[in-house]
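Chemist: One structure coming up, written as structure tokens, with questions to follow.
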Amino acid sequence: MNPLSEYHRQMTRRHFLGKAGLGVAALAGLLEQEAAGRTTPDSTRVGGLDHLPHFRPRAKRVIYLFQSGGPSQLDLLDDKPMLRKRFGEEVPKSVYPDDRKTTMSNAQSSFATAPSIFKFRRCGEAGLPISELLAETGKLADELCIVNSMHTTAINHDPAITMLLTGSQIPGRPSAGAWLSYGLGSETTDLPAFVAMSSRGSGKAGQPLYDRLWGSGFLPSVYQGIKFRNQGAPVLDIYDPAGVDRQTRRKMLDYLSQLNTLKFEEVGDREIETRIAQYELAGRMQASVPELLDFNRESRHVLASYGPDVGRQGTYAYNCLLARRLAERGVRFIQLFHQGWDQHGSLPKQIRLQARDTDQATAALLRDLRSRGMLEDTLIVWGGEFGRTVYSQGKLTSENYGRDHHGHCFSIWLAGGGIRGGIRYGKTDDYSVNVVEDGMEAHDLNATILHQMGIDHERLVYPFQGRDFRLTDVHGRVVHEILA
């Protein structure tokens, strides 16, 4: 037996069966849509599955503002005024048992209660309690749904962030953006469906970010996110080298496509198709990206609203404005990672710096989208991978404290994209240690995000190694209580 011929035969058979299966699924989806009176997929869409969306979406795109490191819910979004009376008291072991403390702090002789030194204000018509650190975000409280009851079983950064963004603590699963790119495709041919960006705070260096957070896992690699670099050319080789004009570049891409097509016909590897598609996209991005990055046409008012760092590549403000411009141009999933929220010590000083770097730009992004009529169909998610402890890590003083990792409760917020504004969902106990009402976990959040994009999370699946996988694994529920 010729191994290459046998491989080619098997691949051809798999391609036929795979296409037949997709065809049956697509026909079933279209018949279901017709019976339910749903619209057919957007004619302007590029790629995606023919039978998606499953129902009429409330959002066309997602901007995920990921605050990497674990922002302290106690100092930002989960006000506990009664703790001020318990300053310095030992947190009762009935509330925080020893076996739930991490190895970074469990050897301390004292676990003193550390109430936040920051004031909380009642914001918006609903009077949502939001920290003075987020003064600009607080002015938009009526747009926000604050979730105080997020929780996770992960206690370290990497498994926690991997869980939130891929649905599993174990690396190897597709990221949320890859799932949406696979299911819904893009609204543009000139930019990727999924873009990731990162920035670092003014304070301490942040936890590392790995490619898996915007990767495609076992999905074809065409669905992975494209990472825009935070210094130099945002995408390597995006600019033509000296002496190479566009006509020469076009000829090179055409010849390269012919060679890759010949190789695909020989071995049938679907990743070769991905290579062809990505080279073509790269060619189009050479024209679209320079225009995307040109902020000169933005009004002075808009630029000023994002803050003084908006013109400096690699800052959070710069990335927020770039996110709006990507959204305008049809990018489906835009993810910003802002590092530096891991504040085991000197939290008051460090968190002030983080808030200074992010608060104004976050609020400006919301206002900018709203002014352009885009907030109603853009889902914004803000939050990190877990929260922080109520007890002080290290020495507690009236002006300084640190907080260790805490996964049993933390806070995020959502806005736009059919989310109810001006509400709080979920509740924690008096120490902000445990969820006592309406808990929400990663699978619930991801199920809700998919739902707002018109996707039934239980039906967006991909076969791999003998079973059907989905972003929400075998869990997750849509949190209808927060939907408008």
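Chemist: Using only DSSP helix segments of four residues or longer, with each worth -39500 (n - 2.57), what per-residue ellipticity at 222 nm results for the chain after dividing by its residue count and rounding to 500?
Modeler: -11000 deg cm²/dmol
Chemist: Among SER105, LEU128, PRO115, whose Cα sits farthest toward the positive end of the charge dipole of segment 80-140 (+1 at Cβ of Lys/Arg, -1 at Cβ of Asp/Glu, about the Cα centre)?
Modeler: LEU128
Chemist: Please work out the C-alpha center-to-center distance from segment 410-484 to segment 61-85 and express it in whole Å.
Modeler: Going from one Cα centre to the other spans 18 Å.
Chemist: Using +1 at the Cβ of each Lys and Arg and -1 at the Cβ of each Asp and Glu in segment 241-290, identify which of THR261, ILE276, GLN286 lies farthest towards the dipole's positive end.
Modeler: Of the listed residues, the answer is GLN286.
Chemist: Answer with one residue from ALA176, SER198, PRO208: the one whose Cα lies farthest towards the positive end of the charge dipole of segment 155-218, charges on Cβ with Lys, Arg +1 and Asp, Glu -1.
Modeler: PRO208
Chemist: Once each part is reduced to its C-alpha centroid, what is the distance from segment 88-148 to segment 290-362 in angstrom?
Modeler: First find each Cα centre; the distance between them is then 25 Å.
Chemist: Pull up the cross-link candidates among the lysines for LYS119, meaning alpha carbon to alpha carbon under 23 Å and not fewer than 8 places away within one chain.
Modeler: LYS119 reaches LYS80, LYS85, LYS139, LYS349, LYS395, LYS427.
Chemist: Hey, got the dipole for segment 414-484? About the Cα centre, +1 on K and R Cβ, -1 on D and E Cβ, debye to the nearest 20?
Modeler: My answer is approximately 280 debye.
Chemist: For LYS263, go through the aspartates and glutamates and keep the ones whose alpha-carbon is under 18 Å away, minus same-chain ones fewer than eight residues off.
Modeler: Partners within reach: GLU6, ASP254, GLU271, GLU273, GLU280.
Chemist: I need LEU184, LEU209, LEU322 ordered by Cβ neighbour count within 10 Å, fewest first.
Modeler: Starting with the residue having the fewest Cβ neighbours, the order is LEU209, LEU322, LEU184.
Chemist: Now a separate question. Could you order the peptides 330-340, 302-312 from most to least packed, using the average number of other C-beta atoms within 10 Å per residue?
Modeler: 330-340, 302-312
Chemist: Restricting to DSSP loop positions (anything but H, G, I, E, B) with no more than 14 other Cβ atoms inside 10 Å of their own Cβ, which GluC sites (Glu not before Pro) remain in segment 378-446?
Modeler: Of the GluC sites (Glu not before Pro), the ones in loops of segment 378-446 whose Cβ has at most 14 other Cβ atoms within 10 Å are GLU399.
Chemist: If you take the beta carbon distance between ASP429 and ARG246 as r and set R0 to 60 Å, what does 1/(1 + (r/R0)^6) give as a FRET efficiency, to the nearest 0.05?
Modeler: Between ASP429 and ARG246 the formula returns 0.45.
Chemist: I would also like to ask the following. Read through the labelled values (i) 24.8; (ii) 25.8; (iii) 28.2 and report the label of the one computed as mean projected area of the Cα convex hull in nm² from the structure.
Modeler: Of the listed options (i) 24.8; (ii) 25.8; (iii) 28.2, (ii) comes from this structure.
Chemist: Excluding residues fewer than 8 places away in the same chain, name every one of the aspartates and glutamates whose C-alpha is closer than 20 Å to that of LYS93.
Modeler: Those aspartates and glutamates meeting the cut-off are ASP404, ASP429, ASP430.
Chemist: Ranked highest first by the average count of other Cβ atoms within 10 Å around their residues, in what order do 364-377, 275-288 fall?
Modeler: With the highest mean Cβ count within 10 Å placed first, the list reads 364-377, 275-288.
Chemist: So how strong a dipole does the chain carry about its Cα centre when Lys and Arg Cβ are +1 and Asp and Glu Cβ are -1, to the nearest 20 debye?
Modeler: So the dipole magnitude of the chain works out to roughly 580 debye.
Chemist: Grab the other residues whose beta carbon is less than 13 angstrom from that of GLY215, score K and R as +1, D and E as -1, and report the net.
Modeler: +2
Chemist: Highest mean first, how do 259-269, 147-157, 65-75, 46-56 rank when packing is the count of other Cβ atoms within 10 Å averaged over residues?
Modeler: 65-75, 147-157, 46-56, 259-269
Chemist: So if I place +1 on the C-beta of Lys and Arg and -1 on the C-beta of Asp and Glu, and nothing else carries charge, what would the dipole magnitude of segment 85-194 be about its Cα centre? I want it in debye, nearest 20.
Modeler: The calculation lands at about 480 debye.
Chemist: Can I ask one more? Can you pull out the GluC sites (Glu not before Pro) in segment 116-173 that DSSP calls coil and that have at most 16 other Cβ atoms within 10 Å?
Modeler: GLU125
The numbers here are math on the coordinates, done by the rules we state, and not lab data. Keep in mind the model is a prediction, meaning the values are calculated, not measured. Neighbour counts run over all protein chains shown; Cβ positions are idealised from the backbone, glycine included.
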